[in-house]
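Asker: Here you go, one structure.
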Amino acid sequence: FFTLVVALSMSFAPLLMALYQRLIVPRFVSTIPPKAYDDIQSEHDIILAGYGRFGQTIGAFLNAQKIPHTILEKDPERIELLRKFGYQGYFGDASRLDLLKGAGAEKAKVLIIAIADIESSLEIVRMVRESFPDITIFARARNRRHAWELDKAGVHNFRREVFDASLAMAEDIMIHLGYKEELVRRRARMYARHDKKTLKESFRVFEQEPELISLAMQARQELELLLEESD
């Protein structure tokens with residue numbers, strides 16, 4: 001009897017939760033109206049769009065050198081946290097043309113796109129290229145495909161978000177295992193330069209899988225030879 005009760009409870013639980021979310025919650029829970037974006041009136045040479053884990057490092061480095069910049073972030077909690085620590089930031093969506101104009105994009109020299117969402121990132125790039133052709137864009141790339149999309153859209157100043165940190169850890173691991181630090185650092189710099197060159201070359205055949213695989217295999221052999229000769 002008890003086994004039957006437990007089995008029936010487990011069977012009906014998902015259905016009851018679905019009914020609760022669909023029928024009860026909309027009826028008895030009031031909908032909180034979305035918070036209005038800030039009225040942005042700022043004119044700095046640098047606009048930083050996105051203040052997540054990627055943008056925070058950029059912003060902290062600029063702040064430490066007292067380099068003024070305008071921060072746009074569409075997560076209100078991040079903006080509130082930023083202000084608690086005494087920094088200025090605006091609650092706003094960088095994909096909105098009016099907000100970018102308010103942030104001074106017509107006169108700014110640099111736009112840093114540090115947001116995580118790939119589609120939103122590319123949407124901002126396309127809009128900015130059309131509306132503010134003179135601004136230089138630096139962008140966060142989530143992966144190699146995103147880097148290719150950015151390059152295709154005319155953004156050549158990009159950084160893949162985990163590349164530098166991953167390579168730095170690989171250096172630390174080799175040094176921990178007893179390899180000479182000077183050799184490891186030199187090889188890491190060579191690896192980074194070779195990877196950047198290979199990535200750029202891959203853009204020509206990015207959608208042609210056989211050619212892309214051939215290029216990757218050739219690049220791997222080149223890299224192995226290059227690092228062997230660095231001793």
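Asker: Of Ala36, Ala49, Ala147, which has the largest mean-square fluctuation in a 10 Å C-alpha GNM of the chain?
Answerer: Ala36
Asker: Round to a whole number: what % of the accessible area of the chain belongs to carbon and sulfur, probe 1.4 Å? Working shown, then result.
Answerer: On the way: 8980 of 15540 Å².
Exposed carbon and sulfur together represent 58 percent of the surface.
Asker: Okay, next question. Quick one: grab the alpha carbon gyration tensor of the chain, order the square roots of its eigenvalues as a ≥ b ≥ c, and give me rounded if a/c is under 1.5, else prolate or oblate depending on whether a/b is larger than b/c. Intermediate results must be reported in sequence, preceding the final value.
Answerer: Numbers: a/c = 1.95, a/b = 1.27, b/c = 1.54.
It is oblate, given that a/c is not under 1.5 and a/b is not larger than b/c.
Asker: Where is the GNM fluctuation largest for the chain (alpha-carbon springs, 10 angstrom cutoff): Gln208, Gln88, Gln41?
Answerer: Of the options given, Gln208 has the highest mean-square fluctuation.
Asker: Can you find, among Ile67, Ile79, Phe91, the residue farthest towards the positive end of the dipole of the stretch 51-107? Put +1 on the C-beta of Lys and Arg, -1 on that of Asp and Glu.
Answerer: Looking along the dipole axis, the top candidate is Ile67.
Asker: Here is a further query. Mind listing which chymotrypsin sites (Phe, Trp or Tyr not before Pro) in the stretch 38-102 are in a DSSP loop and have 15 or fewer other Cβ atoms within 10 Å? Don't jump to the answer; show the numbers that get you there.
Answerer: Values: sites: Tyr51, Phe54, Phe61, Phe85, Tyr87, Tyr90, Phe91; in loops: Tyr51, Phe85, Tyr87.
Within the stretch 38-102, the qualifying chymotrypsin sites (Phe, Trp or Tyr not before Pro) (loop, at most 15 other Cβ atoms within 10 Å) are Phe85, Tyr87.
Asker: If you don't mind, there's one more thing I want to ask. Which helices, taking whole DSSP H runs in the chain, have alpha carbons extending 18 angstrom or more along the helix axis plus mean Kyte-Doolittle at least 1.0? Display every interim value, and only then the final one.
Answerer: Values: long enough: 2-19 (25 Å, 2.13); 118-131 (20 Å, 0.09); 163-176 (20 Å, 0.74); 181-202 (31 Å, -1.68); 209-228 (29 Å, 0.07).
Span-like helices in the chain: 2-19.
Asker: Calculate, for the stretch 38-81, the solvent-accessible area per residue in square angstrom, rolling a 1.4 angstrom probe over the heavy atoms of the protein chains. If you can, show how the numbers build up before the last one.
Answerer: Values: 2500 Å² over 44 residues.
Heavy-atom SASA per residue in the stretch 38-81 reads 57 Å².
Asker: Measure out, as a whole number of angstrom, how far apart the alpha-carbon centroids of the stretch 36-97 and the stretch 211-231 sit.
Answerer: Taking the Cα centre of the stretch 211-231 as reference, the centre of the stretch 36-97 is 41 Å away.
Asker: Mind checking Rg over Rh on the stretch 100-199, alpha carbons, Kirkwood formula for Rh?
Answerer: Details: Rg = 17.1 Å, Rh = 15.3 Å.
A ratio of 1.12.
Asker: Quick one: how many Å² of Ile112 are accessible to a 1.4 Å probe, rounded to 10?
Answerer: Answer for Ile112: close to 20 Å² accessible.
Asker: Would you mind checking which residues have amide H under 5 Å from Ala141's amide H? H placed 1.01 Å from N; only 5 or more apart, or other chain.
Answerer: Result for Ala141 returns Arg159, Arg160, Glu161.
Asker: Separate question: Taking springs between alpha-carbon atoms closer than 10 angstrom, which of Gly89, Gly55, Gly154 fluctuates most in the Gaussian network model of the chain?
Answerer: Gly154
Asker: Can you pull out the chymotrypsin sites (Phe, Trp or Tyr not before Pro) in the stretch 109-174 that DSSP calls coil and that have at most 13 other Cβ atoms within 10 Å?
Answerer: Numbers: sites: Phe138, Trp148, Phe158, Phe163; in loops: none.
In loop regions of the stretch 109-174 (DSSP not H, G, I, E or B), there are no sparsely surrounded chymotrypsin sites (Phe, Trp or Tyr not before Pro).
Asker: For His156, His146, His176, His69, give me the order by solvent-accessible area with a 1.4 Å probe, most accessible first, ignoring ligands, DNA and RNA.
Answerer: On the way: His156 110, His146 0, His176 155, His69 20 Å².
The residues order as His176, His156, His69, His146, largest area first.
The values are calculated or read from the model by the stated rules, or taken from the named source; none is laboratory data. Nothing here was measured: the structure is a model prediction, and the numbers come from that model. Glycine also receives a Cβ, built like all others from the backbone with ideal geometry; neighbour counts cover every protein chain displayed. To get the accessible areas, we keep the full protein, side chains included, count just its heavy atoms, and leave off ligands, DNA and RNA. Shrake-Rupley method; radii C 1.70, N 1.55, O 1.52, S 1.80 Å.
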